[in-house]
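Following: one structure in structure tokens, then a few remarks.
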Amino acid sequence: MMTLVLVRHGEAEGAGFGGDEHRALTEEGRRYVRTVGGLLAGAMEPVDALITSPLVRAVQTAEILAGALGLDEVVARPEVAFPARLEQLWQVVDEVPAHVRGLMMVGHEPTLGVFASWLAEAAATIPFRTGTALTLAVDRRTRAARVLHVITGRPATLTRAGA
């Protein structure tokens, strides 16, 4: 089993002259992501790899989370940017070396919600507000997944599945 943490980027600035891909995190977005990083660091097995969308707000989110989790490297993959197909996202997960036990993926809505719902075979799409983190236990052979916990809300709160 692999632990897969799906995180939507933190709150970002409105679209300006640079276009959507250049939107940076707001100060509130940075604060919230730091809180999420602290909650994740205290609640889960180590993350060995962090993959992110190459959009600025996702990369900034990933860098903050990498610092909180003690990771040295953040890998940007264009497949994680929206619009992304489910099979593309699964391929990104499947290409991670077998020794990786914990993978974090930072991306966007609606892609993350649809991907999480697909993996967990949920009846409805799982919503991802900015800064939401959802942790899944995933069987890489079957793609079967179960939700372990979610971090969402203002203030950020960790809720374990079944609690």
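Only the coordinates and a few stated rules stand behind these numbers; no lab work does. Computed from a prediction, not measured in an experiment: that's the story for all the values here. As a convention, Cβ positions derive from the backbone with ideal geometry for all residues, glycine included, and neighbour counts pool all protein chains shown.
Structure values in brief
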quantity	calculated
Filtered GluC sites (Glu not before Pro), the stretch 1-109: DSSP coil and at most 16 other beta carbons within 10 Å	E13, E73, E95
Nearest-20 debye value, the stretch 28-124 charge dipole, Cβ charges on Lys, Arg, Asp, Glu	360 debye
Range of Cα positions in the chain per principal axis (Å), largest first	44, 34, 30
FRET efficiency, 1/(1 + (r/R0)^6) with R0 22 Å, evaluated for D94 and T159 via beta carbons	0.20
Computed helical MRE - 222 nm, the chain, DSSP H runs ≥ 4 contributing -39500 (n - 2.57), nearest 500	-9500 deg cm²/dmol
Label-point gap, in nm, between E121 and R85 - each point 7 angstrom along Cα→Cβ	2.4 nm
Shape of the stretch 71-110, Cα gyration tensor, a/c cut at 1.5	oblate
Estimated distance in nm for a label pair at E45 and A137, the labels positioned 7 Å out from Cα along Cα-to-Cβ	0.9 nm
Extension gain from E109 to A76, taking 0.36 nm per residue of separation minus the Cα-Cα distance	10.2 nm
5 angstrom amide H check on H149, placed H, neighbours 5+ away	T135, A161
Distance between modelled label sites at R129 and R34, nm, 7 Å Cα→Cβ extension	2.1 nm
Among A62, A98, A120, residue whose mean-square fluctuation peaks in a GNM of the chain (springs only between Cα atoms under 10 Å)	A98
